[in-house]
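Written below as structure tokens is the structure these notes are about.
Readers should treat all values here as calculations from the given coordinates under stated rules, not as data from a laboratory. Please read all numbers here as calculations on a predicted model, not as lab measurements. Using ideal geometry, Cβ is built from the backbone for each residue, glycine included, and neighbour counts are taken over all protein chains shown.
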Amino acid sequence: MEEERLYDLVIKALPVGFLRVDAKGMIIDFNHAAETITGYTKEEVVDRSRSEFLHCSAEKKKCTLCEYALGRREHAIAKENFIRRKSGDCILLSVTTAPLFDQAGTFHGGIELFMDISESLKLDRERKHILAMFAHDMQNPVLIAGKFTRRLLAGKAGPPTGKQEEHLQLICEELNQLEGLVTDFHEFSRFEATKCIPVLEAVDIILILRAQVELAKLKAEDKRITLTFANPGESEMIVAADTRLISRVIDNLLDNAIRYMRMNGTVTISVSKEEEAVFVRVGDTGIGVAKDHIPYLFDAFYRVSRDLRGSGLGLSIAKTIVEAHGGKIWAESIPGQGSVFSFTIPTSGAKPAHTFQPVEQS
Ligand code: ADP
């Protein structure tokens, strides 16, 4: 079969929308799936610029991915993009755009592959809404139940008998777990719904670390774990940070270091100053993590093993917070020997992550 005919067959059979533009940005190909998604026929769009009709509003007319890729001659980029169908309704597309170069490096336009993801966007919104409602409504009853059970155990309503004390102790432990899960869910769903926006102020990270280490010592005692805060060598290290959120990150890392450790281990916390950031490390001599799991540890709900309790959200929350401060977080580990979780926080304040900036054309 001749090459051109084979090309036509492939493009026609593609289950995703496909369009191709020439070097001037004019559409020269538009497959059947593209017609179904956009409501326009191939005849209606050929020889027209993509931005003439595949956009969401008149103001956003130029904010199209194709222009971005073609204007900047970028490699393939993937992005989500709202457009208005011919019928007038707005849909969300998942778009991948790539410029086309021949072997001599001459530019020949570009291609765009797209799918309608409006339905999954709707489902995702519903999921976030349910999670946020669930986390919010669960929090109060669990906190109150925990508070009163601890009071009963402390004998505030009269001394419990031996069996009652034993049972109350068990209830307390379960409620503590539940409190941790619900708090993680609550924080996670808040970040999903409203993004994590730290309230930055000049704070001394050494003070925050010392406070968190003192709190963690209580948890470490039960497992006879030694917690060491290595001498930072400086009396203070000022960063632009949100104290509550950064405390949460350190608490998560220390809590993990203690939980994923057998008896009698060591957790070492250290902090140092780099050029434009402080660098915090939490090292442990715990069970460690196999290499294959490392890239996924910071994903929401990812857990290496179900043997120990947890939400799988702690590290994803930590990542969201650190990145919202303009920092980075990562893990290194050797199974059976231990792990080191490190993060940086800029001293000068958060620099927003790179966001997509479409090219405005004159
Ligand atoms: P979880 O609530 O399950 O601890 P996290 O997001 O905090 O959730 O951690 C994700 C997974 O990473 C954990 O389930 C655990 O398997 C692994 N992990 C995290 N910290 C450590 C650590 N210090 N040592 C070994 N494994 C760890």
**Q.** Cβ-Cβ FRET estimate between Asp204 and Ser120, R0 fixed at 41 Å, reported to 0.05
**A.** 0.40
Q.
Suppose each label sits 7 Å from its Cα in the direction of the beta carbon; what would the Phe107-Arg73 distance come out to in nanometres?
A. 0.6 nm
Q | Cα centroid separation - segment 183-256 against segment 17-49, whole Å | A | 52 Å
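Can you tell me the length gained on complete extension of the stretch Lys24 to Ala211, counting 0.36 nm per residue apart and subtracting the Cα distance? Intermediate results must be reported in sequence, preceding the final value.
On the way: separation 187, 0.36 × 187 = 67.32 nm, distance 6.10 nm.
My answer for the length gained is 61.2 nm.
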Q) Packing-wise, with mean Cβ within 10 Å as the measure, how do 250-258, 150-158 rank, highest first? A) 250-258, 150-158
Q.
Can you tell me, using C-alpha contacts under 8 Å and at least 6 residues apart, the relative contact order of the chain as a whole percent?
A. 12 percent
Q: Can you tell me which of 329-335, 92-98 comes out highest on packing, and rank the rest after it, using the mean Cβ neighbours within 10 Å?
A: 92-98, 329-335
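Assuming 0.36 nm per residue, please report the length gained on full extension of the stretch His32 to Arg5 beyond their Cα-Cα distance.
On the way: separation 27, 0.36 × 27 = 9.72 nm, distance 1.57 nm.
Extra length from His32 to Arg5 when fully extended: 8.1 nm.
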Q | Where labels lie 7 Å past Cα in the beta-carbon direction, separation of Phe82 and His167 in nm | A | 5.6 nm
Q: Read phi for every residue in segment 100-114 and hand back ³J(HN,Hα) as whole Hz from Karplus 6.51 cos²θ - 1.76 cosθ + 1.60, θ = phi - 60°, with x for Gly and Pro.
A: 10, 10, 8, 4, 7, x, 6, 7, 10, x, x, 10, 9, 10, 8
Q: Any chance you could run the full-extension gain for Lys219 through Val46? It's 0.36 nm times the residue separation minus the Cα-Cα distance, nm to one decimal.
A: 55.6 nm
Q. What is the distance, in nm, between label points placed 7 Å from the Cα along the Cα-to-Cβ direction at Asn176 and at His136?
A. 3.0 nm
Q.
Tell me the mean residue ellipticity at 222 nm calculated for the chain from its helices only (DSSP H runs of n ≥ 4, each -39500 (n - 2.57), averaged over every residue, nearest 500).
A. -13500 deg cm²/dmol
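Over all pairs of distinct alpha carbons, what does the Kirkwood formula give as the hydrodynamic radius of the chain, in Å?
Hydrodynamic radius (Kirkwood, Cα only) of the chain equals 24.7 Å.
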